[in-house]
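*Asks:* What follows is a structure written as structure tokens; I'll ask about it next.
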Amino acid sequence: MVDQEKVKEGVRLILEGIGEDVNREGLLETPDRIARMYRELAGGMDEDPAVHLEKRFHVDNNDMVMEKDITFYSMCEHHMLPFFGKVHVAYIPDGEVVGLSKIARTVEVFARRLQLQEQLTAQIADAFMEILKPQGVMVMIEAEHLCMTMRGIKKPGAQTVTKVTRGIFDGNEKLQNTFYQMVKL
């Protein structure tokens with residue numbers, strides 16, 4: 001749960017720390033706005049991904065299911081700056097599938113936390129394996145990090161790509177290549 005008052009006080013301290021006048025008209029409501037923003041951006045901290053993966057449907061085949069180009073926004077835990085991009089999730093069912101929106105909702109649970117992209121990729125894959133129990137899952141994330149774009153090295157457009165395989169996808173070059181081909185479609 002986000003402690004709104006602590007966030008407000010922290011924002012006031014930052015504003016003072018950078019030399020701003022916290023009583024200036026344009027900044028009077030900023031601490032409250034930022035506190036509400038963090039309640040939204042960090043809302044995944046209190047959310048259980050299992051809620052989204054519990055509702056399942058039985059299927060007669062176990063063909064690959066992919067949801068690609070799931071837009072996400074997250075916050076880098078090192079600099080508290082946004083990183084954003086696309087998530088691609090594929091899994092091989094073991095007799096059950098979830099609704100397509102549930103895949104995107106699972107991504108959101110983990111994205112709405114202070115994160116590392118590498119950790120985010122693994123958390124999504126692990127949630128699928130632990131909760132849905134498919135034969136395997138593969139997750140790939142392509143993202144731009146504002147901590148590389150607007151500060152530090154300042155390389156706009158640089159993409160960080162992470163990939164995690166679990167279950168039947170591990171070491172299966174044919175399945176992985178099918179995944180990559182589907183992402184390109």
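The values are calculated or read from the model by the stated rules, or taken from the named source; none is laboratory data. The structure displayed is predicted, hence computed values, not measured ones. Glycine gets a Cβ as well: all are built from the backbone with ideal geometry, and neighbour counts include every protein chain shown. The protein model used for the area step is the full one, side chains on, heavy atoms only, and it has no ligands, DNA or RNA in it. Shrake-Rupley method; radii C 1.70, N 1.55, O 1.52, S 1.80 Å.
*Asks:* What number of residues within the range 56-82 are assigned to a loop (DSSP other than H, G, I, E, B) and either in contact with a helix residue (DSSP H, G or I) (Cβ under 7 Å, 6 or more places away or on another chain) or of a type in the set (Gly, Ala, Ser) (or both)?
*Replies:* 4
*Asks:* A follow-up question, please. Does GLY85 satisfy the criteria of being outside any helix (DSSP H, G or I) and over 20 Å from GLN117 (Cβ atoms)?
*Replies:* Judged against the criteria, GLY85 is not a match.
*Asks:* Identify, from the list VAL59, VAL65, VAL87, the residue that is buried (at least 19 other Cβ atoms within 10 Å of the Cβ), at pLDDT 95 or above and over 30 Å from GLU9 (Cβ atoms).
*Replies:* Unique residue meeting the criteria: VAL87.
*Asks:* So which residues in the range 15-32 are in a helix (DSSP H, G or I) and touching a helix residue (DSSP H, G or I) at 6+ places or on another chain (Cβ under 9 Å)?
*Replies:* Scanning the range 15-32 gives LEU15, LEU27, THR30, PRO31, ASP32.
*Asks:* So, in the range 90-117, exactly how many residues are open to solvent by less than 20 Å² (accessible area, probe 1.4 Å) and over 20 Å from GLN135 (Cα atoms)?
*Replies:* Number of matching residues: 5.
*Asks:* Still on this structure, please answer the following. Right, VAL161: open to solvent by less than 70 Å² (accessible area, probe 1.4 Å), over 25 Å from ARG39 (Cα atoms), at pLDDT 95 or above and not in a helix (DSSP H, G or I) or not?
*Replies:* no
*Asks:* Moving to a separate point now. How many of the residues in the range 134-155 are part of a loop (DSSP other than H, G, I, E, B), open to solvent by 20 Å² or more (accessible area, probe 1.4 Å) and in contact with a strand residue (DSSP E or B) (Cβ under 8 Å, 6 or more places away or on another chain)?
*Replies:* Residues flagged as part of a loop (DSSP other than H, G, I, E, B), open to solvent by 20 Å² or more (accessible area, probe 1.4 Å) and in contact with a strand residue (DSSP E or B) (Cβ under 8 Å, 6 or more places away or on another chain) within the range 134-155 amount to 1.
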